[in-house]
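Below is one structure, written out as C-alpha cells; comments come after it.
The values are calculated or read from the model by the stated rules, or taken from the named source; none is laboratory data. A quick note: this is a predicted structure, and the numbers were derived from the prediction, not measured. Here the Cβ positions follow ideal geometry from the backbone for every residue, glycine too, while neighbour counts run over all protein chains shown. Areas reflect the complete protein model, heavy atoms only, side chains present, ligands, DNA and RNA absent. Shrake-Rupley method; radii C 1.70, N 1.55, O 1.52, S 1.80 Å.
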2 protein chains.
Amino acid sequence: MAHTPVVDILKGQHAQGATVTVKGWVRTRRDSKAGLSFIALHDGSCFDPVQVIALNNLENYQQVQKLTTGCSVAVTGTVKASEGQGQALEIEATQIEVLGWVENPDTYPMAAKRHSVEFLREHAHLRPRTNVIGAVTRIRNCLSQAIHRFFHERGYFWISTPIVTASDCEGAGEMFRVSTLDMLNLPKDDKGQVDFSQDFFGKEAFLTVSGQLNVETFACAMSKVYTFGPTFRAENSNTSRHLAEFWMIEPEVAFADLSDIAHLAEDMLKYVFKAVLEERADDMAFFAQRINKDAISRLEKVIDQDFVRMDYTDAINILQKSGKKFEFPVAWGVDLSSEHERYLAEEHVGAPIIMQNYPKDIKAFYMRINDDNKTVAAMDVLAPGIGEIIGGSQREERLDVFDRRLEEMGLDKEDYSWYRDLRRYGTVPHSGFGLGFERLVAYVTGMQNVRDVIPFPRTPGSASY
Amino acid sequence: MAHTPVVDILKGQHAQGATVTVKGWVRTRRDSKAGLSFIALHDGSCFDPVQVIALNNLENYQQVQKLTTGCSVAVTGTVKASEGQGQALEIEATQIEVLGWVENPDTYPMAAKRHSVEFLREHAHLRPRTNVIGAVTRIRNCLSQAIHRFFHERGYFWISTPIVTASDCEGAGEMFRVSTLDMLNLPKDDKGQVDFSQDFFGKEAFLTVSGQLNVETFACAMSKVYTFGPTFRAENSNTSRHLAEFWMIEPEVAFADLSDIAHLAEDMLKYVFKAVLEERADDMAFFAQRINKDAISRLEKVIDQDFVRMDYTDAINILQKSGKKFEFPVAWGVDLSSEHERYLAEEHVGAPIIMQNYPKDIKAFYMRINDDNKTVAAMDVLAPGIGEIIGGSQREERLDVFDRRLEEMGLDKEDYSWYRDLRRYGTVPHSGFGLGFERLVAYVTGMQNVRDVIPFPRTPGSASY
C-alpha cells in the first residue's frame, strides 16, 4: 500500500476511520502507565509531527518501547480524532514496522532537545532532522518556487548564466580560480608566468561573482529575463551576512528605467512574502515563537506598506539633521552604512525605502549617469530590520557615455568588447537588480546567520560535505 | 504609456482599433512601391514577430526607411486585422521612435539570414536575437519551470546542494580545483606537497560533479527532495553531448524503491513534454519545420506510450539474438553503448525503456545490491532518438552491506563517514535519479549539440563571456 505524507493526515485528507500508512522518523516516544505509547512521527512534509498511538496489544509492542529519537518506522493504522490538545487527528497503530534503529541513542547527535545553531552547523548532514532546519528548508523552497512563479507569470525567461568564466569584468580581485593544472608541475611561459593556455579552458578561469553582464545579453533579445543561480566571492569575511557561495536572483529588463525596476522589486518582495505567509503558516508560527517574535508581523507590514522613494541626496540631509550620533560620519559622497540605512527605514520612515540616485563614484561602471553628471540611476531597497536587501540600477546604454566612463575609471575597452556590442547594435534602455537569496531567507525566517539558511555553507576554512 | 509584449498583440489581447505601444528589435524591413514599409518587430516574448505598417505620412518616414535588422524601436499605433497571410493582427504605426541604430549594418553579425550554429556559437552574446536561439531559450525556460512545478505540486522541496566541495567521493579524478592560492608562490608542506591548509577553504576544494550524496541527507529528513543546479566534469570530451558545466536535476525520495523511482521518471518526462507542447506550440512548430521533423511527434509518442520495463540480463539476450552486427560486442557484464540502447528502444521495443538491474561491477558504490549479489537496483531511461536520458538507482541503505561494498572496491570508510551516518541513524530505503538538463533540452528541440541549448557553453578551451 502506498504511504501517505504526514501533512495529508493532519490536513484531514483522510476521513476518520480510514486506514493509512505513514513513514517517517520518531521525534519522541512517551509511554503511558495505561499500557500504551505515544510516538511523535515526522516526515518533513510539514512542521508538525503526527501523533501515533501504540497500544500494548501490538505484537511487537516490546520493540516499540525501544524506539528512540531518529528511528525510522512505517506505521499502519486508523485515523482518529485526537483526545489530547494540539492536533485534531492522530493515528491508532495496527502495525508498526521498524525500518532503521539509531546506533547508540545516547550519542545520537540529534537527540530531542534544543541544540545551538553552531552545534547543528557541525552536523550539517543531520540537521535537516531538527525542527528549525526543517522549517528553514521548507521556507527556502517556498521562496524559490514563489520567485520562479512570480517571474514566469509575468513573461520572464529564466536564464542560466555561466558559473565558470574567463571574463573578470566584475571581479574586483575577489574571485576563485578554477583549474585542472597540476600544481606541483605548473607550465610556465617565457616570462615565468603560469601558462594558462595549457589549462582546461585555455585561459585563466574563475567562478562568477554575478550573472548580470551575461544576462544583459539575453535582455537585449528576449526583453524580460532573470537569473537564479549560485555566485561566489573569495572574501575573507567571517560575518553572519557573508558566504563564499550564495544564490542570487538577477532580473534584467529591456525598455525599463529605474522607476520600473523599483516597482518590480517592490512587487516581487510583496509577492514572495505573501506566498510564505499563505503557504507556510506552520513554519512561520514556529519562527515567530522561537526565533524572532516579529517574523510574521514585519512581513505583513512590508506587504501592506507602499515603499517610500527617497533620493540619496535627501537621505544625506535627513541623516545630517537627525541629531543622531552615528559611528560613521555622514557626508554627501559616502556610502551609507547599515546604521544609516536602518535609521532611515526603521526610525525616520518606518517602511521599506527605495533609495535612489547615488553618487557615481561609489557605484559600478555599468550604471547609467544621470543628467547632473554626479549621480547614477542606482537604487537600493532598504528594509526595516535588515537594511539593504536589493541593489539595482538602470544600465548605461549610451556607447559614448559608457566609453567615457570606462576611461575615467581606467578600464580597458577591449575587456568589455562583447558588452559594448550590446550598445553598438540596437541598444535599448534597460535595468535590473540583484537579490541575495540567503539574505532573503534569513530575513523571512529571522535566522541570525546566513550559514543556517543554506544546506551546506561555504565560508573561509569550511567546505565540508 | 506602458508598452505591450508582442505576444499579447498576436494573441488578440488588445481589440482591433486599440492604441498600443510595442518595443523591440527590427527583424526585417521591406518597402512597398505603394509608399509604405513593413517592419517585422520581435521582442523575444514569442516566436513570431509582429508586423508593423509604416505609412509614408509618418513625420520620420525617411528615418524609418533606414531601419535595418537589429535596430531597436518603440512603435505606437493601432491594432488592425492583417490583410496579408500568416498573422491575424498587425499594427499600423502612428509613431516610430528609433531607440538604437546598428553600427555599420553590413558587418552586423546577426544579419537576417541563416547562420550556422558554429558561427552563432562564436557570437554567443548576440545569438539570442536569432529565431533558433530565441526558441531554444523559451523552451529551456518552459522545461525548467515545468520541472519545478512538477516537483512542487507533488510535495518535493528544492535543495541547493553545494557547488564547491572538499569531498571528492564521486570524483573519479575529473574534477576542477577551486583555489585562491598564489600559483607563483605556492605554500608547501614539509613533504613538498601543496599546503592546502593555507587555501581559502583550508583544504583542497573542487567543483561538484553531482549533488546526489549531499541531497540524500535531506531525503533522510524531508522525505521528498530534488536538486536543480550546475555540475561540472573536467573531462576532455569534445563531443556534441558533453559540457564541462551543465545543469542537473536530481530527485531523491525516502521510502521509495527502484520501481517507485522509475514511475517518477516516467511521470516527470511526460509532464514536462506535455508542458512544452501546450505552452510553446510556436517554438515547437519551428523546430519541427527546421531542425528535426519528428520534434513534435516523438514527444507525443513518449507521452502516449507506457515505458517498457526491461532487465539488463534480458536486454543482453535480446541483443545477442538480434542478429545485428554491433560495433561493440555484447556480453553479460558489459556496459551498454549507445548503439545497443538505440536498437532496443527504437527497433526492438519502439518505445522508451526503463532498463533495470545492471551488473554491480559497472555501477557506482552507492547502488543497492540485489539478492543475486551480482546486480544492483539501478535503472536507466532509454528514449528513442537519443538513448540514455536518465540514470538512477535505489541506494544501499544497509550499513553492513554498504561497508562490505566499500571494502570490495578498495574505498576508505573514513571518507564516507557522514554518508554512513545516514545508515547508522534511522536508515530508510531510498532512491533517486539524475537528469542532465541540456540533454533534455537538446532532445526536446532536436538541436544536435548541447552547446547550442545552454546560454554560454563551457568546453575544453572555451570559457568566454
Equivalent ellipsoid semi-axes - Cα gyration tensor, chain A, angstrom
49, 28, 21
Chain A, dipole about Cα centre (Lys/Arg Cβ +1, Asp/Glu Cβ -1), debye to the nearest 20:
1340 debye
At 7 angstrom along the Cα-to-beta-carbon line, where would the label on B:GLY155 sit relative to the other copies? Give the distances in nm, shortest first.
3.8
Compute, for A:ILE362, the solvent-accessible surface of its heavy atoms (probe 1.4 Å) with the complete set of protein chains present, and express it in square angstrom to the nearest 10.
50 Å²
Using a simple charge model, +1 on the beta-carbon of Lys and Arg, -1 on the beta-carbon of Asp and Glu, nothing else, what dipole does segment B:6-100 show about its Cα centre, in debye to the nearest 20?
200 debye
When we measure straight from the Cα of A:LYS325, which aspartates and glutamates land under 20 angstrom away, once same-chain ones fewer than 8 places off are left out?
A:ASP314, A:ASP335, A:GLU339, A:GLU341, A:GLU346, A:GLU347
Against the empirical 2.2 N^0.38 Å scaling, what ratio does the C-alpha Rg of segment B:54-207 come to?
1.81
Note the angle between two axes, namely the Cα long axis of helix B:281-290 and the longest principal axis of the Cα atoms of chain B, as a number of degrees from 0 to 90, rounded to the nearest 10.
90 degrees
Please name which of A:VAL209, B:THR78, A:ILE386 has its Cα lying farthest along the dipole of the protein assembly as shown towards the positive end, using unit charges on Cβ (Lys, Arg +1; Asp, Glu -1) and the Cα centre as origin.
B:THR78
Pairing the Cα long axis of helix A:312-321 with the longest principal axis of chain A, what angle in degrees results, from 0 to 90 and rounded to the nearest 10?
80 degrees
Quick one: work out the % antiparallel among DSSP beta bridges in chain B, nearest 5.
90 percent
List the trypsin sites (Lys or Arg not before Pro) in segment B:1-57 that DSSP assigns to loop (not H, G, I, E or B) and whose Cβ has at most 11 other Cβ atoms within 10 Å. Which are they?
B:LYS33
Take the alpha-carbon centre of segment B:388-465, take the same for segment A:332-363, and report the distance between them in whole Å.
45 Å
For segment B:229-272 and segment B:1-61, what is the centre-to-centre distance using only Cα atoms, to the nearest Å?
42 Å
Provide the solvent-accessible area of B:ASP335, counting protein heavy atoms only and rolling a 1.4 Å probe, rounded to the nearest 10 Å².
90 Å²
B:SER197: accessible area at probe 1.4 Å, nearest 10 Å²?
80 Å²
What order do B:ARG423, B:ARG114, B:ARG298 take when sorted by accessible area (1.4 Å probe), most exposed first?
B:ARG114, B:ARG298, B:ARG423
How big is the charge dipole of the protein assembly as shown about its Cα centre, in debye rounded to the nearest 20, if each Lys and Arg gets +1 on its Cβ and each Asp and Glu gets -1 on its Cβ?
1120 debye
What does the average come to when, for each residue of peptide B:196-203, you count the partner chain Cβ atoms lying within 10 Å of its Cβ?
5
Run down the aspartates and glutamates and flag those whose C-alpha is under 12 Å from the C-alpha of B:LYS188, throwing out any fewer than 8 positions away in its chain.
B:ASP199
Exposed-site-free run, longest, chain A (rule: GluC sites (Glu not before Pro); DSSP loop; at most 10 other C-beta within 10 Å)
A:84-326
Could you name the lysines whose alpha carbon sits less than 28 Å from that of B:LYS11, not counting residues in the same chain fewer than 8 places away?
A:LYS224, B:LYS23, B:LYS80, B:LYS113, B:LYS270, B:LYS274, B:LYS293
